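Report on the following structure.
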Amino acid sequence: MLQFLLTLVDESERGKIEHIYNTYHEYMIKCAAAKLRNMGRTNYLYDAEDAVQNTFMKITKHISKIDFSRGEKDVKNYCLAILTNEICNVLSYNKEDYEVDEELDFDDDNSFSEMMESREQYNEIVDIIDNMDERYSTTLFLHLCKEMTSDEIAKLMGISVKTVYTRLTRGRRILQDLLKGANIDG
């Protein structure tokens, strides 16, 4: 995996990727496996490997944004924030229901158009949330899209409930500003 990641960045960034991988890879696997096992995943080891692999792909993509001058603790927290988001993605991806609601009636073209328009707006909002700072995007996504409670989010992310409330409040403010800029009615 490390060799593949090194091919994705230029030579000036390879040392950073190598350092992060060698320092945190095993720790991230253990953290992801523990969280996924606690969430009741039967294939938690495989899911943990997927989450860590996706985390390293994102880290590699955004390696230039990581500020090593702020200390090793900040680098570790950055990596763990991305890992938490990827764990949530693994959980939500495997939890999706693709059942068709038989009560939907598409006889009226307007109702179908309205539904598609609201789905497009929903997808735009999810894209905006996904592009926000990791702290806020993960918390908002879990709360708004996955309908998790603050207690569930705190447990999953390993943070206090008060921190969840703070991130939700700040994230909502940021989201409202971004939605105004994107001209999405919400």
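In terms of distances greater than 28 angstrom between alpha carbons, the cross-link table entries Lys16/Lys180; Lys146/Lys180; Lys35/Lys58; Lys58/Lys146 yield Lys16/Lys180.
Modelled this way, with points 7 Å down the Cα-to-C-beta line, the labels at Glu13 and Asn38 are 3.2 nm from one another. Computed from label points 7 Å out along Cα-Cβ, the spacing between Leu178 and Lys146 is 1.7 nm.
Close amide H pairs (under 5 Å, H built 1.01 Å from N) link Met148 with His143, residues at least 5 positions away or on another chain. Each residue of segment 133-142 was assigned a 3J(HN,Hα) from its phi angle through the Karplus expression (A = 6.51, B = -1.76, C = 1.60, θ = phi - 60°), giving 3, 3, 4, 7, 5, 5, 5, 5, 4, 5 Hz with x at Gly and Pro. Taking label points 7 Å from Cα along the Cα-to-Cβ direction, Asn89 and Tyr46 give a separation of 1.9 nm.
Values in this text are rule-based calculations from the coordinates and carry no lab data. On a predicted model such as this, the values are computed, not experimentally measured, just so you know. When we count neighbours, we look across all protein chains shown, and the Cβ atoms used for this are built from the backbone with ideal geometry, even at glycine.
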